[in-house]
Amino acid sequence: MEIKEEKIKGVYSIFPRIYGDERGYFFESFNKERYDAILSDFSFVQDNESCSGKNVVRGLHFQEPPFVQGKLVQVSRGKALDIAVDIRKSSPTYGQHVKVILCSKLKNQLWIPPGFAHGFCSLEDDTVFSYKCTNYYSPQHERSILWNDETLKIDWEISDPMISEKDRNGLIFSDFNSPFS
C-alpha cells in the first residue's frame, strides 16, 4: 500500500496493493493496522454508497460540530473527480482544494479529515461511490457550500452538470462563517 499526502495537510491519497491473475483480483479495501499511520485518531461508524450517472455533481457537503465527519472515499465502479475544500479558518490553506480522480480500476482512495467540505463529479455512467465516515449522518448538522462558487475556482472538468436543488442552493463561500477553527 502506498500513502501520499496531498498538497493540503491531512488529506491523503491511498493506493492499495492489488493482487491479480487470470481469475480476477483481490485487495484489502481497509485494514486498521495498515491505515493507522494516517487514521490512528479516528474510527469509522458508518459506511455509505451512492450510484450516479455521468456528470452528476454531489456536494460540497460537510457536517457542523458536534457531528463532524472524516471520510475515506473510493469508487468501486466507474470514475469520479473528487474534491475536498479546506474550511478550517486557521489553516494556511483555508479555501483551497484538493482534486483527485478516483477510479475503480486503480482502487485508489482519498482520506478527507474533518474540517473539509467534500464533493464529487461522476465521470462515467453508473459510477458507484462509497465512503466510510467517522461520525453518523445528522440532517440537522449537514451544510452545503455552493459547488461552483467562483471564489473557490474549482474546475469540475464538465460542461453540463446534473445538480440537486439542495446543492444549487449551497452557501456562498464569501458569506460562509466556518465552524472549524
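Read the figures in this text as sums done on the coordinates, not as results from a lab. Source: prediction; values computed, not measured. Using ideal geometry, Cβ is built from the backbone for each residue, glycine included, and neighbour counts are taken over all protein chains shown.
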Check your understanding: over 16 Å from the mean Cα position of the chain (by Cα), outside any strand (DSSP E or B), on the phi < 0 side of the Ramachandran plot and surrounded by 19 or more Cβ atoms within 10 Å (Cβ to Cβ): does that describe Tyr35?
Key -> yes
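Counting only residues that are acidic (Asp, Glu), give me the strands (runs of 3 or more DSSP E) lying completely in segment 73-181 with at least 1 of them.
Working: elements: 79-86, 97-103, 109-112, 116-122, 127-133, 142-144.
Filter on segment 73-181 gives 79-86, 142-144.
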Practice item. Only residues that are of a type outside the set (A, V, I, L, M, F, W, C) and assigned to a strand (DSSP E or B): list them for segment 38-52, please. Key: Gln46, Asp47, Asn48, Glu49, Ser50, Ser52
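Let me confirm something: among Val68, Val75, which residue is over 27 Å from Ser181 (Cα atoms), crowded, with 18+ Cβ neighbours inside 10 Å, of a type outside the set (Ser, Thr, Tyr) and within 15 Å of the chain's Cα centre (by Cα)?
On the way: Val68 fails: over 27 Å from Ser181 (Cα atoms).
Selected residue: Val75, the only one of Val68, Val75 that is over 27 Å from Ser181 (Cα atoms), crowded, with 18+ Cβ neighbours inside 10 Å, of a type outside the set (Ser, Thr, Tyr) and within 15 Å of the chain's Cα centre (by Cα).
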Point to revise | Residues of segment 10-21 satisfying the condition of being surrounded by 13 or more Cβ atoms within 10 Å (Cβ to Cβ) and either part of a strand (DSSP E or B) or of a type outside the set (A, V, I, L, M, F, W, C) (or both) | key: Gly10, Tyr12, Ser13, Ile14, Phe15, Pro16
